[in-house]
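Every read-out reported here was derived from the displayed coordinates using simple, explicitly stated rules and does not represent laboratory data. Owing to the predicted nature of the structure, the values given are computational and were not obtained by experimental measurement. Note that we place each Cβ from the backbone using ideal geometry, even for glycine, and neighbour counts take in every protein chain shown.
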């Protein structure tokens, strides 16, 4: 794999609007080359006959199944409310009238 040059790092830093000193540019170029070589070696190890996976181990759902059960009727839900208005809870107004 070709090595990343200092000029390429400087160009990328300009595109990313990162201000790097000359010493930082000299230090980062070889580091990026090592990273790219590592990625290339992983790419070579990938076999075409292995399906891509998101997890190394199969996942098992530990939650219960969703079961539809009847809920409360409006009358049951409002039965303990201090005040009811048209099948809704009635609560005191806490904000003034909006203009």
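By average Cβ neighbour count within 10 Å, what is the ranking of 69-79, 9-19 from highest down?
Highest to lowest by the protection proxy: 9-19, 69-79.
Under a 10 Å cutoff between Cα atoms, tell me which one of 62, 84, 39 has the largest fluctuation in the Gaussian network model of the chain.
84
Work out, step by step, the length gained on full extension between residue 26 and residue 56: first 0.36 nm times the residue separation, then minus their alpha carbon distance; give nm to one decimal.
My answer for the length gained is 6.9 nm.
Using only alpha carbon positions, build the gyration tensor of the range 6-45, then give the equivalent ellipsoid semi-axes as the square roots of 5 times its eigenvalues, largest first, whole angstrom.
Numbers: eigenvalues 111, 23, 8 Å².
Output for the range 6-45: semi-axes of 24, 11, 6 Å.
Counting only C-alpha contacts under 8 Å and six or more residues apart, can you give the relative contact order of the chain as a whole percent?
Working: 33 pairs, mean separation 17.8, N = 99.
In percent, rounded to a whole number, it is 18.
With springs only between Cα atoms under 10 Å apart, run a GNM on the chain and tell me which of 47, 81, 29 wobbles the most.
81
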